[in-house]
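Colleague: A single structure is presented below for examination.
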Amino acid sequence: MKKIIISVALGVSLLAAQAQSDSKIYTGLDIVAGINNFDNDMGGAVDKSNNSYGAKLKVGYIFAQDWRVQGYYQYESYSSTVYPDKSNDVLNELGVDLIREFDMSSKFTPFAQVGLGYGLLDLSDNTLSSAEAGSIKIGGGAMYKITPKIEALAGLDIQYRDWTDTNVGFSDYDISEISTKLYIGMNYHF
């Protein structure tokens, strides 16, 4: 995990250094609400829906006309535990998004995005101290330029996560999740 965090931090700092020379760097914060459907492929014992809420801190770079890449850290809190009787309800995720804007020659800009993420969830279990979740997402939304440096945005993502396999007693859990995420946010361009 330390190698991943160091790699992401190094990548974001290199991105920031490059972006400062072009003034195409931005940072932002999104508020996220999700409807999550969990599936246990080994018997259905944890098939359920679960709401989540969180915040996403991001740093991005506009690398070509109508194209952006951004790294993010997302804190997500679930309304109930992911694993039965052995997890807390907080996921910490790092990821990267590729965004394509569709310029409409106005302050209003629709966009589409794809992304990859990696998250960790603490577990209160003797054999496994944390669970990992790899994710892929696709989504879209719209941005509105309030000023040349500040933009507001809203969007919707569909995200798939594959969680660490584990067992409780005699039951094996192979958990996957499909989520619908709604978010609103602000970006500040340097």
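The values are calculated or read from the model by the stated rules, or taken from the named source; none is laboratory data. Please read these numbers as outputs of a predicted model, since none were measured by experiment. Cβ coordinates were reconstructed from backbone atoms using ideal geometry, including for glycine residues, and neighbour counts include every protein chain displayed.
Colleague: From Ala152, Ala133, which residue is within 26 Å of Tyr83 (Cβ to Cβ) and hydrophobic (A, V, I, L, M, F, W, C)?
Modeller: Answer to the selection: Ala133.
Colleague: Continuing with this model, one more query. In this structure, does Ile136 turn out to be of a type in the set (A, V, I, L, M), within 28 Å of Lys24 (Cβ to Cβ), over 17 Å from the mean Cα position of the chain (by Cα) and surrounded by fewer than 19 Cβ atoms within 10 Å (Cβ to Cβ)?
Modeller: no
Colleague: Please find, within region 167-188, the residue that is modelled with the lowest pLDDT out of those that are small (Gly, Ala, Ser) and assigned to a strand (DSSP E or B).
Modeller: Ser171
Colleague: I would also like to ask the following. Exactly one condition in (1) within 19 Å of the chain's Cα centre (by Cα); (2) touching a residue at least 12 places away in the same chain (Cβ under 8 Å) is false for Phe63; which is it?
Modeller: (1)
Colleague: Suppose we filter region 120-152 for residues that are touching a Leu at 6+ places or on another chain (Cβ under 9 Å), part of a strand (DSSP E or B) and closer than 16 Å to Thr166 by Cα; how many remain?
Modeller: Residues flagged as touching a Leu at 6+ places or on another chain (Cβ under 9 Å), part of a strand (DSSP E or B) and closer than 16 Å to Thr166 by Cα within region 120-152 amount to 7.
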